[in-house]
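The values are calculated or read from the model by the stated rules, or taken from the named source; none is laboratory data. All values reported here derive from a predicted model rather than from experimental measurement. Note that each Cβ is placed from the backbone with ideal geometry, even for glycine, and that neighbours are counted across all protein chains shown. Note: accessible area is taken over every heavy atom of the protein model, side chains too, but ligands, DNA and RNA are not part of it. Shrake-Rupley method; radii C 1.70, N 1.55, O 1.52, S 1.80 Å.
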Amino acid sequence: MSIFQRIHLSVFPGKRNTKHGNSERPKIFRSFLLHFRPSAIPEKTLRLSLTWGLGSIAAVLVFLLFSTGLMLKFAYEASPDGAYNSIVYLINQIPFGRLLRNIHRWSANGLIFVVFLHFLRVFYTSAFTAPRQFNWVIGLCLFCAVIFSNFTGYLLPWDQLAYWAITISTSMLDYIPAVGTGLKEWILGGTEPGPRTLMNFYAIHTAILPALLLFFIPFHFWRIRKAKGLVIPRSPGEEPETEEKMADAMPHLITRDVALALIVIATILIIAMFFNAPLADQANPGLSPNPTKAPWYFMGIQEMLMHFHPVFALLVIPVLIVVGLLLIPYFNYEANTAGIWFCSVKGRKLSLISAVVAVVLTVAAVLLDEFFISANMDGPANLINNGLLPFGLALAICIGFFLLMKKGFAATNNETIQAIFTLLITAFVVLTIIGIWFRGPGMQLMWAT
Amino acid sequence: MEKEKHTRRSFLNKLWLVLGGLAFAEIIAVTFTYFKPRKPEISPEAGNSVIVAGPVENFEPGTVSAFVRGKFYLARLEDGGFLAMSRRCTHLSCTVPWVSSENKFICPCHSSEFDIRGEVANPPAPRALDLYHVEIQNNVLKVDTGKLKKRSVFAADQVTYPKKT
């Protein structure tokens, strides 16, 4: 054996290619590549109409974020005086610096969007039922990690956009009774965003959250393997099969993954070439820009703040939503709907009704509050008028809707929970859209900004 | 049978558990102390948080003046009294500009409005603008920016009046 062969053998132990063929090669290759992918998967789960490749797209975006993030780390300076200039220098002086930043920015934004769609896909195919219950919880943890990664990354350029988005987002914590102000000052390292805030956010953004992602992502993947692959798609009324037809991951899954990864990378590259990541003026604590908006993924919450007392918009409602989401896999379901889009034919109809009702009610409520209720109300916001009343009303609508589904439509638990979920998610999406596109200077409602 | 549970081994096992728990608690405590927000380093200004705003005549009744260095507004009410107010909105800490054409503070973030006394004229702000202490010595206004005073509504005793001469 030559030295090269010996080295090769030490890296890839096992049988070398012989006259008998190189049958060992693919297995060695597999054992390396397929730590996260099983060697065989149920054939039906390859269908694009099951997953839309959303989980894989998210993984590719995370890969892009890690690689560009590592490179950006070499150009960035985490101090209020240095941060903004280091970004300007990165954009204007360092070769490909602007492209790198754009890729990082658009991948991060894309990741939130894709992860949200992935979350919807898993919910609407009932892929959270046993044995995948805990993977739903892990997925929610990952969702949080992604949101906070975006949020902490938002401050780092230290421009007006970043400074004020962080100011209002962290001030939201003030409204959490007892611990809120302490928590805010802990995150900010003081009473308002300053050098220590930047250092905190930088450490969280570049060390803690990536570490969490590196822990939770493999965990998420591993649980898919433990559940013997993805949920198996079926049509309403179709019984789950006892014996699934399997397909080899190589080449069926791997080629799809690689093709998808190439498409995602190409798309991000094209977007990054033509659209620059925003950078406003350097942060000025004395001047809030008009309008000052939170990052777009928080606009739903900011819009809620326009209508609810902060204790409700920031504490009561989010806590209820998070608890509800965590409990979704653990409710008592009558039917096994795993793998069926929208549970059943009736489920599809009810989801559509819920979505339409949510759009109409949310828009109506926002307009009503804007032009009739708030306009006729003076004085400071208080817990009763701005909190308990609108919250009670929203809750009553949800309960009424629940009863309508149960009694009026004789829906199963699966379909009812799906309808309520659809109602709330649609309302949140509508609020987010209003916040992003229909709020102008002074946060007044207006036609498309 | 009951006695056999309390062997030397089980005692040592419990001891390990307790000691391990203590060590863990210590690490948590140390971590929290490490991350506790620290007082900002003493800057020359910090020792003297009192800002001299100027003689009383400089301020017309019914006007608001901004002090960038102290991050506050000095409002002189129509009746001649003074109020020093933080420029931070009580809703979510945006910097509130004084819009003299409307005679109001209007927050750009969530459109809260405050009148010249800092009183909420339009929600979502939950409280009137925070106050700083104003003192008038020899007809000169001094504002202590060291301590913020929170208030829910405007009250007459918050206003400082110059001595009638």
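Search the range B:99-111 for residues being open to solvent by 40 Å² or more (accessible area, probe 1.4 Å) and in contact (Cβ under 8 Å) with a residue 12 or more places away in the chain, and hand back the single one that is nearest to the other protein chains (Cβ to nearest Cβ).
Of everything passing the filter in the range B:99-111, B:104 is nearest to the other protein chains (Cβ to nearest Cβ).
Where residues in the range A:187-205 are surrounded by fewer than 21 Cβ atoms within 10 Å (Cβ to Cβ) and touching a residue at least 24 places away in the same chain (Cβ under 8 Å), which of them is farthest from the other protein chains (Cβ to nearest Cβ)?
A:202
Please count how many residues of the range A:310-348 are of a type in the set (Ser, Thr, Tyr) and open to solvent by 30 Å² or more (accessible area, probe 1.4 Å).
2
What tally of residues in the range B:112-159 results from selecting those that are in a strand (DSSP E or B), crowded, with 18+ Cβ neighbours inside 10 Å and of a type outside the set (Asp, Glu)?
So the count comes out to 10.
List the pairs whose first member sits in the range A:298-322 and is more than 14 Å from chain B (Cβ to nearest Cβ), whose second member is open to solvent by less than 40 Å² (accessible area, probe 1.4 Å) and not in a helix (DSSP H, G or I), and whose Cβ atoms are under 9 Å apart, counting only residues at least 6 apart or on separate chains?
Once the first residue is more than 14 Å from chain B (Cβ to nearest Cβ) and sits in the range A:298-322, its partners that are open to solvent by less than 40 Å² (accessible area, probe 1.4 Å) and not in a helix (DSSP H, G or I) give A:316/A:308; A:317/A:308.
Criterion first (closer than 30 Å to residue A:228 by Cβ and touching a residue at least 12 places away in the same chain (Cβ under 8 Å)) does residue A:114 satisfy it? Explain how you work it out, then say what you get.
Values: closer than 30 Å to residue A:228 by Cβ: yes; touching a residue at least 12 places away in the same chain (Cβ under 8 Å): yes.
It is true that residue A:114 is closer than 30 Å to residue A:228 by Cβ and touching a residue at least 12 places away in the same chain (Cβ under 8 Å).
Quick one: is residue B:73 surrounded by fewer than 18 Cβ atoms within 10 Å (Cβ to Cβ) and touching a residue at least 24 places away in the same chain (Cβ under 8 Å)? Quick ask: steps written out before the conclusion?
On the way: surrounded by fewer than 18 Cβ atoms within 10 Å (Cβ to Cβ): no; touching a residue at least 24 places away in the same chain (Cβ under 8 Å): yes.
Here the answer is no, as residue B:73 does not meet what is asked.
Evaluate the following for residue A:60: is it under 18 Å from the mean Cα position of the chain (by Cα), assigned to a helix (DSSP H, G or I) and touching a residue at least 24 places away in the same chain (Cβ under 8 Å)? It would help to see each step written out before you state the result.
Working: under 18 Å from the mean Cα position of the chain (by Cα): yes; assigned to a helix (DSSP H, G or I): yes; touching a residue at least 24 places away in the same chain (Cβ under 8 Å): yes.
Judged against the criteria, residue A:60 is a match.
Could you give me the residue pairs with C-beta distances under 8 Å whose first residue belongs to the range A:349-371 and is over 23 Å from residue A:416 (Cα atoms), whose second residue is surrounded by fewer than 19 Cβ atoms within 10 Å (Cβ to Cβ) wherever it lies, and which are 6+ apart or on separate chains?
A:366/A:445; A:367/A:445; A:370/A:445
Could you list all residues from the range A:415-438 that are over 23 Å from the mean Cα position of the chain (by Cα) and open to solvent by less than 10 Å² (accessible area, probe 1.4 Å)?
A:416
Given the criterion open to solvent by less than 40 Å² (accessible area, probe 1.4 Å), of a type in the set (Ser, Thr, Tyr) and touching a Cys at 6+ places or on another chain (Cβ under 9 Å), identify the matching residue among A:124, A:76.
A:124
In the range B:85-98, which residues are more than 10 Å from chain A (Cβ to nearest Cβ) and either open to solvent by 20 Å² or more (accessible area, probe 1.4 Å) or at pLDDT below 85 (or both)?
The answer is B:98, and nothing else.
With respect to the numbered conditions (1) modelled with pLDDT under 80; (2) out of contact with any Leu (no Cβ under 9 Å at 6 or more places or on another chain); (3) open to solvent by 50 Å² or more (accessible area, probe 1.4 Å), which one is the sole condition not fulfilled by residue B:80?
Unmet for residue B:80, out of (1) modelled with pLDDT under 80; (2) out of contact with any Leu (no Cβ under 9 Å at 6 or more places or on another chain); (3) open to solvent by 50 Å² or more (accessible area, probe 1.4 Å): (3).
Those residues that are open to solvent by 10 Å² or more (accessible area, probe 1.4 Å) and either at the interface with chain B (Cβ under 7 Å from one of its Cβ atoms) or touching a Phe, Trp or Tyr at 6+ places or on another chain (Cβ under 8 Å) (or both), I need them from the range A:170-186; list them, please.
At the first step, the residues of the range A:170-186 found to be open to solvent by 10 Å² or more (accessible area, probe 1.4 Å) are A:172-179, A:181-186.
Hits for the range A:170-186 are A:172, A:185, A:186.
State which residue is nearest to the other protein chains (Cβ to nearest Cβ) when the search covers only the range B:68-84 and only residues that are within 19 Å of residue B:162 (Cα to Cα) and in a strand (DSSP E or B). It would help to see each step written out before you state the result.
First, pick out the residues of the range B:68-84 that are within 19 Å of residue B:162 (Cα to Cα): B:73-84.
Pick out the ones that are also in a strand (DSSP E or B) and you get B:73-76, B:82-84.
Numbers: B:73: 12, B:74: 15, B:75: 18, B:76: 21, B:82: 22, B:83: 17, B:84: 16 Å.
The extreme case among them is B:73.
Test residue A:37 against the stated conditions and say whether it is out of contact with any strand residue (DSSP E or B) (no Cβ under 6 Å at 6 or more places or on another chain) and open to solvent by 60 Å² or more (accessible area, probe 1.4 Å). Break it down into steps so the answer makes sense when it comes.
Values: out of contact with any strand residue (DSSP E or B) (no Cβ under 6 Å at 6 or more places or on another chain): yes; open to solvent by 60 Å² or more (accessible area, probe 1.4 Å): no.
So residue A:37 fails the test.
Is it fair to say residue A:284 is in contact with a helix residue (DSSP H, G or I) (Cβ under 9 Å, 6 or more places away or on another chain), open to solvent by 70 Å² or more (accessible area, probe 1.4 Å) and assigned to a loop (DSSP other than H, G, I, E, B)?
no
Contact list please: Cβ distance under 6 Å, first residue in the range A:247-267 and under 13 Å from residue A:46 (Cβ atoms) and modelled with pLDDT of 90 or more, second residue in a helix (DSSP H, G or I) and open to solvent by less than 40 Å² (accessible area, probe 1.4 Å), pairs at least six apart or on different chains.
Final answer for the pair search is A:260/A:56.
Does residue B:53 satisfy the criteria of being at pLDDT below 85 and at the interface with another protein chain (Cβ under 10 Å from one of its Cβ atoms)? I'd like the intermediate steps shown before the answer.
On the way: at pLDDT below 85: yes; at the interface with another protein chain (Cβ under 10 Å from one of its Cβ atoms): no.
The answer is no for residue B:53.
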